[in-house]
Amino acid sequence: MEDTIVYAHKLSKTFKQKEAVRNVSFSIAKGEVVAMLGPNGAGKTTTLSLVLGLLKPTKGKVQVFQQPPQSMHVRERIGVMLQEVRMMDGLKTKEMLQLFRSYYPNPLALSEMIALTGLADADLTKKVEKLSGGQRRRVNFAVCLAGDPDFIVLDEPTAGMDTTSRAKFWKTIHHLAERGKTILFSTHYLQEADDTAKRIILLHQGQKIADRATEEIKHQLSRQYVSFRLNGKLNRAKLDMPDVLAIEEREERIYLETKNTDALISYIMQHFSNAYDLRIDKGSMDDVFETLVQGSREK
Amino acid sequence: MNKILYSCIAEVKRAIRNPYYVLWSLLIPVCFYIIFTKVFTFNDNAADQALWEAHYLMSMAAFSVMGSSVMTVGIRLVQDKQQGFITFLKVTPLPEYVYIISQMVGQSVIHILSIVVIFFAGALLNDVSLMAMQWVLSGVWILFGSLVFLALGTLVGTMNKVETASGVSNILFLGLALLGGMWMPLNAMPTLLQDIATWLPSYHYANGPWEIIRGNSPAWNNIFMLIVFLCLFMVLSVYIRRKQEGL
Ligand SMILES: Nc1ncnc2c1ncn2[C@@H]1O[C@H](COP(=O)(O)OP(=O)(O)O)[C@@H](O)[C@H]1O
Ligand SMILES: [Mg+2]
């Protein structure tokens, strides 16, 4: 219990008619890096807002550091980057970083924050509203880390960043994760979730449809197939072996689902002299996503 | 404590750097002052004219400070809300009320500046001469009386759209100024409007210094009405904010 950073229990949120989040439960332990993955409108922002206490749940309960999320204790220990926040116009970038540091009991060193923004000295003395969109995102990220937070929440943090800033940003996140920070971020890029998070919570139409280790999700659901064509008829008995998970025949091809494509290919080469046009089809993360979404519909 | 201090300092900087400040709070009141004391003159004898010049100087100082209270604070709060900044504050250790108080403090520093500049303009342009005590008391009245309009500004600040807030605060500001007798002397207006004025905070606000420059002390009635309006605006503003939190 001590190590539980987030405890979300049966959260639901209804806006007027629209049910944006339905019955979502999860908890996050200290040091975990968790991605909340889902297409636009899946309910990621709403769920994060509930966790942060920015919205009141219609039903359910949420605690952060064993306390209500609005409590001062929580606010001093979290760092948050929300979608589309415009900071205080009229302040110079450096002044604003200083200002936010003054709000926290154990702030991050100013030099570290400046390094995080990646801004040149000239830009640090520019007013915040004069910065470009990408620069502003990075300033927001620095502000998010002003209190040297134990728990970091990021809502689609890379939206609007170019490829270079994006790579730099994830490098910093990996760094923070190594330092034992607990991180929860939302994204609709499968690749980002896969690269950075050890665990994925998959949201679809306001519901949680999967919550597993990233590796496990990929392993279990990235279906791999060996397929080939055959001169003659298939002797199914010869394929009765553990490496073959399922057999399917369509469009004059035979598809074998497997977790071990290498072993299966050499087996087929040895035992099916009439096989030709061998192919390996690996599922991408996109396929995984489709599969999970479909699986949840069938239930 | 530090939080409040730094937040106030930051807001003072933001307020001073606001480009509209110079226009609305300094240029326009001073122009009005020149027009209505130098260009058009309504008084035949010198004593009346001198009194009018002092009277209108107080009107313009009150006008400037009232305007910047209602408009700047109101619009800035709505802007910050619309840009997601108020939401963001809720996940930082800075309480929203501290933020609002800082806005008021920042604006008050601006008000001190406006009062000094406008008083100087009067003294230089028209040789308005008052006793030191009268200058100070009028300035202090205008500064502290502006709390009423700052509270009105935070009420405007509960609106959701900058366009509405800006429209509403413009109408409030200009309506209050006109009907409160800040542009034209009240006794030049129809009696119906004069009666309406006695129910407006702007009249009670400006009447303080109007009395002071005549060597009187402000009526208790003025202070009482200002306190009533202050309470009304604060209660409404807090109530609406509470209600919006429930989302
Ligand atoms: N304030 C709101 N009022 C009404 N509907 C909303 C509101 N916020 C979000 N929604 C709806 O809830 C659903 C989930 O939205 P959101 O959590 O923003 O999704 P995501 O962040 O995954 O893109 C969407 O269909 C959205 O239109
Ligand atoms: Mg979103």
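Taking first residues from region A:27-54 that are more than 14 Å from every other protein chain (Cβ to nearest Cβ) and partners that are within 15 Å of ligand 1 (Cβ to nearest atom) and among the basic types (Lys, Arg), the Cβ contacts under 7 Å between residues at least 6 apart in sequence or on separate chains come to A:Met36/A:Lys44; A:Gly38/A:Lys44. Can you name every residue in region B:1-25 that is closer than 15 Å to B:Tyr97 by Cα and either surrounded by 13 or more Cβ atoms within 10 Å (Cβ to Cβ) or more than 9 Å from every other protein chain (Cβ to nearest Cβ) (or both)? Passing the criteria: B:Met1, B:Lys3, B:Ile4, B:Tyr6, B:Ser7, B:Cys8, B:Glu11.
Screening A:Pro149 against (1) within 16 Å of ligand 1 (Cβ to nearest atom); (2) within 30 Å of A:Met72 (Cβ to Cβ); (3) not β-branched (Val, Ile, Thr) leaves a single unmet condition, (1). Please determine whether any residue of region B:168-188 is at pLDDT 90 or above and over 30 Å from B:Thr41 (Cα atoms). Taking every residue of region B:168-188 in turn, at least one turns out to be at pLDDT 90 or above and over 30 Å from B:Thr41 (Cα atoms). Here the condition is being touching a helix residue (DSSP H, G or I) at 6+ places or on another chain (Cβ under 9 Å), away from ligand 1 (no atom under 16 Å from the Cβ), within 28 Å of A:Glu129 (Cβ to Cβ) and in the same structural domain as A:Glu192 (by TED's automatic domain parsing); of A:Ser111, A:Ser102, it holds for A:Ser102 alone.
Against the definition (part of a helix (DSSP H, G or I), more than 20 Å from the chain's Cα centre (by Cα), within 14 Å of chain A (Cβ to nearest Cβ) and closer than 21 Å to B:Tyr6 by Cβ), how does B:Val109 come out, yes or no? No; evaluated as a whole, the condition is false for this residue. Here the condition is being touching a strand residue (DSSP E or B) at 6+ places or on another chain (Cβ under 7 Å), on the phi < 0 side of the Ramachandran plot and within 16 Å of ligand 2 (Cβ to nearest atom); of A:Asp150, A:Asp155, it holds for A:Asp155 alone.
Selection of region A:9-37 for residues being under 19 Å from A:Ala197 (Cα atoms) and crowded, with 18+ Cβ neighbours inside 10 Å yields A:Phe26, A:Ile28, A:Glu32, A:Val33, A:Val34, A:Ala35, A:Met36, A:Leu37. Against the condition polar (S, T, N, Q), within 16 Å of ligand 1 (Cβ to nearest atom) and in contact with a helix residue (DSSP H, G or I) (Cβ under 9 Å, 6 or more places away or on another chain), how does A:Gln83 come out, does it pass? Yes; evaluated as a whole, the condition is true for this residue. I'd like to check something: does region B:69-88 contain any residue that is modelled with pLDDT of 90 or more, surrounded by fewer than 21 Cβ atoms within 10 Å (Cβ to Cβ) and closer than 24 Å to B:Pro209 by Cα? So far as region B:69-88 goes, no, none of its residues is modelled with pLDDT of 90 or more, surrounded by fewer than 21 Cβ atoms within 10 Å (Cβ to Cβ) and closer than 24 Å to B:Pro209 by Cα. With A:Asp148, A:Asp89, A:Asp123 as the choices, which residue is surrounded by fewer than 21 Cβ atoms within 10 Å (Cβ to Cβ), of a type in the set (Asp, Glu) and more than 13 Å from every other protein chain (Cβ to nearest Cβ)? Residue meeting the stated conditions: A:Asp123.
A:Gly60 passes every criterion in (1) facing another protein chain (nearest Cβ under 10 Å); (2) surrounded by fewer than 19 Cβ atoms within 10 Å (Cβ to Cβ); (3) of a type in the set (Gly, Ala, Ser) apart from (1). I'd like to know if region B:118-127 contains one or more residues that are part of a helix (DSSP H, G or I), of a type in the set (Val, Ile, Thr) and either crowded, with 20+ Cβ neighbours inside 10 Å or at pLDDT 90 or above (or both). Yes: region B:118-127 contains one or more residues that are part of a helix (DSSP H, G or I), of a type in the set (Val, Ile, Thr) and either crowded, with 20+ Cβ neighbours inside 10 Å or at pLDDT 90 or above (or both). Apart from one condition, A:Lys171 fits all of (1) modelled with pLDDT under 85; (2) away from ligand 1 (no atom under 16 Å from the Cβ); the exception is (1).
The set of residues in region A:7-26 being away from chain B (no Cβ under 14 Å) and either within 18 Å of A:Phe151 (Cα to Cα) or of a type in the set (Gly, Ala, Ser) (or both) consists of A:Tyr7, A:Ala8, A:Ser12, A:Ser25, A:Phe26. With respect to the conditions (1) farther than 30 Å from A:Pro57 by Cβ; (2) surrounded by 15 or more Cβ atoms within 10 Å (Cβ to Cβ); (3) out of contact with any Phe, Trp or Tyr (no Cβ under 7 Å at 6 or more places or on another chain), B:Arg214 lacks only one, and its number is (2). Residues that are part of a helix (DSSP H, G or I), within 13 Å of ligand 2 (Cβ to nearest atom) and in contact with a strand residue (DSSP E or B) (Cβ under 9 Å, 6 or more places away or on another chain) are absent from region A:24-41 altogether. Does any residue of region B:128-138 turn out to be closer than 29 Å to B:Ser169 by Cβ, of a type in the set (Phe, Trp, Tyr) and in a helix (DSSP H, G or I)? No, region B:128-138 has no match at all.
Would it be correct to say that A:Ala177 is touching a residue at least 12 places away in the same chain (Cβ under 8 Å) and within 14 Å of another protein chain (Cβ to nearest Cβ)? So A:Ala177 fails the test.
The values are calculated or read from the model by the stated rules, or taken from the named source; none is laboratory data. Quantities reported herein were computed from a predicted structural model and do not represent experimental measurements. Here the Cβ is made from the backbone with ideal geometry for all residues, glycine too, and neighbour counts use every protein chain on show.
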